1. So between Leu341 and Glu169, what do we pick up on full extension, going 0.36 nm a residue minus the alpha carbon distance?
2. If the limit is 31 Å between Cα atoms, which of Lys189/Lys342; Lys20/Lys342; Lys105/Lys187; Lys105/Lys342 go over it?
3. Determine the share of the chain's accessible area contributed by carbon and sulfur atoms, expressed in whole percent, with a 1.4 angstrom probe.
4. If amide hydrogens are placed 1.01 Å from N in the peptide plane, which non-local residues have theirs closer than 5 Å to the one on Ile194?
5. Taking the chain as the reference, fit the longest principal axis to its C-alpha atoms, fit the long axis of helix 324-337 to the helix C-alpha atoms, and give the angle between the two in degrees, 0 to 90, nearest 10.
6. Could you tell me whether the range 34-97 comes out rounded, prolate or oblate from its Cα gyration tensor? Rule is a ≥ b ≥ c as square roots of the eigenvalues, rounded for a/c under 1.5, then prolate if a/b exceeds b/c, otherwise oblate.
7. Arg229: net charge of surrounding residues, Cβ under 9 Å, Lys/Arg +1, Asp/Glu -1, itself excluded?
8. Any idea what the alpha-carbon Rg over 2.2 N^0.38 Å comes to for the range 111-181?
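The values are calculated or read from the model by the stated rules, or taken from the named source; none is laboratory data. Note that the structure is a prediction, hence the values are computed from the model and not measured. Positions of Cβ are backbone-derived with ideal geometry, glycine not excepted, and every protein chain shown enters the neighbour counts. Keep in mind that these areas ignore ligands, DNA and RNA; they rest on the heavy atoms of the full protein, side chains included. Shrake-Rupley method; radii C 1.70, N 1.55, O 1.52, S 1.80 Å.
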Amino acid sequence: LDALEMRMSQPEALCAQFMKNRELPAQTVDSVRLPLHANIGLDSDIGLARNSEAEGVGLYRTEYQFLLRDAFPVEDEQYQSYRQLLEDFTPKPVTIRTLDVGGDKILSYFPLKEDNPFLGVRGIRFSLAHPEIFMIQLRALLRASAGLENLQALFPMVAKVSELDAALELLARAHRELMEEGQATAKPKVGLMIEVPSAVFLTKALAARVDYLSVGTKDLAQYILAADRTNARVTTPDDTLHPAVLNAIDMIVRDAHAHAQSTPVSVCGEMAGDPAGALVLLGMGADALSMSPASFGRVKLVIRAFTSKRARALADEALEQEDERQVRGLLNDALEGAGMLKHWPRVEDRAGSDASAFAE
Ligand code: PEP
Ligand code: MG
């Protein structure tokens, strides 16, 4: 598709270009690869992701399995669904996040009474406060990955190094237990989500303990800007482009890469599927992007239209701005200058934004 056709912004022309790009890698003009992974929540997302150009699953939100029922799933049920998912995508990597409840995702059969649930017992705090529940999930994950090499376990909402250490210790304990029982088990890759401001400042210590990091831009923006992600009166889709959020992500990538083994950084929040967001993340040196499969076409188009050098220059400029509208303007102008649409319709990361509806 040439620049003129793109400016015409014909949906048919865009579709044709998306189809043409399907077989081509998400690679910049100067040959920097940026793998695109799928975010998955509901079972119905799995087929969509499998039929897409996803190079793996960057975020499987296990809480749906827990939210859509009236009791905790037992170990075998969890094992079955994780095993199926890992087999469906093997040998591609599958990132399975441990239970991320609390905040707006409340289990009907395990209610938590808190005045401030977004600052309460959520994510890894919930799992560490209820090790009997956490151990079942860890055992199911380890059993599911036996003989397959594609599981990447992921811990959500880590705020302290001690929380990561405790989670890693429980993972090691689950592995020991299974070995002692003579059950098939494996040692998967392990990562954590950086989505709490404290974790940004701890990136070096956290990165040194794991195989990869994953940035949750929705929660990171929520906690940096003190703006409830579910409250449209205080939040906008551009919050993830706020310079304060961008500077945090830039720091995460730099610190993770400065570590001796250069820990890779994936971005799995909604920002990764926004063409402007993807462009600035490319510039900051993210190693992979994970999004709703509906966003692959547009993001690949962006990545294939820029050099990594130009994206870095744009990111540097974005980091110097004072508010998110300036950043949005800068990036949209750059997209337009590269022959692309200036304004793209928003694609929701459905699996992330619908959570509260499912919890009700
Ligand atoms: C995020 O916070 O950006 C994220 C990817 O996790 P979730 O949307 O599931 O909270
Ligand atoms: Mg999150």
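1. On the way: separation 172, 0.36 × 172 = 61.92 nm, distance 4.82 nm.
Gain in length upon complete extension: 57.1 nm.
2. Details: Lys189/Lys342 39 Å; Lys20/Lys342 21 Å; Lys105/Lys187 29 Å; Lys105/Lys342 35 Å.
Pairs exceeding the cut-off: Lys189/Lys342; Lys105/Lys342.
3. Numbers: 7880 of 15060 Å².
Here carbon and sulfur together make up 52 percent of the probe-accessible area.
4. It is Ser214, Val215, Gly216, by chain and number.
5. So the inclination is approximately 60 degrees.
6. Numbers: a/c = 2.30, a/b = 1.84, b/c = 1.25.
Prolate, because a/c is 1.5 or more and a/b exceeds b/c.
7. Details: positive: Lys218; negative: Asp104, Asp219, Asp228, Asp239.
Net local charge, Arg229 excluded: -3.
8. Working: Rg = 13.6 Å, N = 71, 2.2 N^0.38 = 11.1 Å.
Against the compact-globule rule of thumb, the ratio is 1.22.
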